[in-house]
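> If you scroll down you'll find the structure; I have some questions about it.
The values are calculated or read from the model by the stated rules, or taken from the named source; none is laboratory data. Computed from a prediction, not measured in an experiment: that's the story for all the values here. Cβ atoms come from the backbone with ideal geometry, glycine included; neighbour counts cover every protein chain shown.
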Amino acid sequence: MRWQPAASQIEVHVRLVAAARMVLAHVEAALDRMDQGPYGRCHLCAKPIALDRLKIVPYVRDCARCQQLREAGQ
């Protein structure tokens, strides 16, 4: 008899793959922004994103203020 993963294991795997693809898409978008010039600027207010924030999440698109406003509106 061959071992089969449980449905919960498959779901975890699918979610991990989806998360990895999302991070990869964010990184690729950040690399595009580096090539085009607006890297490090908030895509909403165009103000510089804090260097400490970029060090933590280098692919971030929003400054802390705009992210908070966006999340509050959800």
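> Going residue by residue through the range 41-48, is there one that turns out to be in contact with a Lys or Arg (Cβ under 8 Å, 6 or more places away or on another chain) and basic (Lys, Arg)?
Among the residues of the range 41-48, at least one is in contact with a Lys or Arg (Cβ under 8 Å, 6 or more places away or on another chain) and basic (Lys, Arg), which makes the answer yes.
> Given the criteria exposed (fewer than 11 other Cβ atoms within 10 Å of the Cβ) and within 13 Å of the chain's Cα centre (by Cα), does ALA29 qualify?
no
> OK, next. Just to be sure I understand the filter: pairs with C-beta atoms under 6 Å, separated by 6 or more residues or on different chains, first member in the range 1-25 and over 20 Å from VAL60 (Cβ atoms) and at pLDDT 95 or above, second member aromatic (Phe, Trp, Tyr) and in a loop (DSSP other than H, G, I, E, B). Which pairs pass?
Listed by first residue and then by second, the contacts come to nothing, as the list is empty.
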